[in-house]
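Report on the following structure.
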Amino acid sequence: MSRYRSSSGQLQPEKIIRDAVVVAVVAALVWTFWPFRQVPTGSRGVRTQFGAIKGIESEGLVFVPPWQAVNLFSIRAEAAHIDKATGSTSDTQPVDTDLTVRYSILPDRVSEVYEKYSHNGDLSSYVQTATQEVFKAVTARYNAPDLIGKRAQVSNDILEGLRQKLEKYGAQVINIDMRNFAFSESYMKAINDKVTQEQLRLAAENKVKTVEAEQKQKVAVAEAEANALKAQADGEAYATIKAANAQAEALRVQNEALARSKEVLELRRIEVERTKGEKWNGQLPTNIYAGAPIPFFNPQKND
């Protein structure tokens, strides 16, 4: 502080002001002509000299001569919102929807985009216009039912159309989000009525199929029961026939044996008489009829 005092010890404010001005001027010059700039991640630095593009700088610290400038240019993903994109189907039904298109500038096209379309990478106005055109072109290739039923294909067609359209602006389309299609109230009512009729038709068909299935089941059960009864009857008849055949065969064999040998008949008669004799109680019959046998009489038997 001694340099700001006079020989008598008093402060000299003019020296203080002069030094302050000098420091401010030096700081301004250093700030103005500082040769280093920083390019953040997700950006490119467009280096210009008196308005002319001299180069594109990547992320990081870059050296810039005092006679040049660096303008930051975003290559990050941006979103463009398109409200009420309108079109018309092949069957002349008006349709609209809301879309969100996400895009980014191609890094190797930064210089071209900066020169022709945008100084900061914002192409939302171009994207909105291109989306409207593509939406009209795509919806005109579908009728209204297909536009709803083939929504995924429609979305893919719009995406491909936008990619081709925005490529000339140096942008790449990342993806699109498309809301539901909106038709006129009369057409939506007709669609709802058709859906209702289709649901009723399907319900009736399902009911008919259920009844047919139940009838087929009943027929199958009845056929199974009839087959079981038939099998049982066939088994019983077969058993009866087999028994009758066996009995007839036995009688046939017996008759043949009797016919071949009369001695068998005599033997049987003797066996019958013996059995009767063994069972006689010694009393003579009170009534004798012609041909009745007389039991053997033993005169030596005591009463």
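The values are calculated or read from the model by the stated rules, or taken from the named source; none is laboratory data. The model shown is predicted, which means the values in this text are computed figures rather than measured ones. FYI the Cβ positions are ideal-geometry reconstructions off the backbone, even for glycines, and counts take in every protein chain you see.
The table below lists the values:
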{"read-out": "Residues of region 104-127 that turn out to be part of a helix (DSSP H, G or I), closer than 17 Å to residue 79 by Cβ and among the hydroxyl-bearing types (Ser, Thr, Tyr), as a count", "value": "3"}
{"read-out": "Test: residue in region 171-182 that is part of a helix (DSSP H, G or I) and not hydrophobic (A, V, I, L, M, F, W, C)", "value": "no"}
{"read-out": "Counted residues, region 149-187 - those being of a type in the set (A, V, I, L, M, F, W, C) and surrounded by fewer than 13 Cβ atoms within 10 Å (Cβ to Cβ)", "value": "1"}
{"read-out": "Residue list for region 36-52, filter: in a strand (DSSP E or B) and either closer than 21 Å to residue 109 by Cβ or of a type in the set (S, T, N, Q) (or both)", "value": "38, 39, 43, 44, 45, 46, 47, 48, 49, 52"}
{"read-out": "Of all residues in region 53-81 being modelled with pLDDT of 90 or more and part of a loop (DSSP other than H, G, I, E, B), the one that is surrounded by the most Cβ atoms within 10 Å (Cβ to Cβ)", "value": "75"}
